[in-house]
1. Find, among the chymotrypsin sites (Phe, Trp or Tyr not before Pro) in segment 21-96, those assigned to loop by DSSP (not H, G, I, E, B) with at most 13 other beta-carbon atoms within 10 angstrom.
2. In units of 2.2 N^0.38 Å, what is the alpha-carbon radius of gyration of segment 2-93?
3. Where does helix 70-79 land angle-wise versus the long Cα axis of the chain, in degrees 0 to 90, nearest 10?
4. Using alpha carbons only, how many degrees (0 to 90, rounded to 10) separate the axis of helix 15-29 from the longest principal axis of the chain?
5. Name the residue, out of Arg31, Arg77, Arg46, whose mean-square fluctuation peaks in a Gaussian network model built on the chain with Cα pairs under 10 Å.
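The numbers here are math on the coordinates, done by the rules we state, and not lab data. Every value quoted in this text rests on a predicted model; they were computed, and no experiment measured them. Please note: Cβ atoms are built from the backbone with ideal geometry, for glycine as well, and neighbour counts cover all protein chains shown.
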Amino acid sequence: MILEHAPLQVEPGRASEFESAFAKAEQIISRMPGFRTISLSRCIERPDAYLLLVEWDTLEDHTEGFRGSPEYQEWRRLLHHFYDPFPTVEHYERIK
């Protein structure tokens, strides 16, 4: 299992709009091969900051399967214009 970790900084004042778009985008990613779970958390101290966590079966399910798919283009269209700056995505592997 691979954990995708992405801190998201949404442009100020666009949190509600982002959350609505994310609800649509979630439907896209949840149908992808290798997808396990997704969670989106909002920061209490910084309400325009979010933490996205996605579990995948393998790293390639995310980096090649999802990102190389037509569905990813729709994900990008829905979400990428909200970020400032664009997030750094990292992958974690459980060791214990």
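1. Filter output for segment 21-96: empty list.
2. In units of the 2.2 N^0.38 Å rule of thumb, it is 1.03.
3. With both axes taken from Cα atoms, the answer is about 20 degrees.
4. So the inclination is approximately 20 degrees.
5. Arg46
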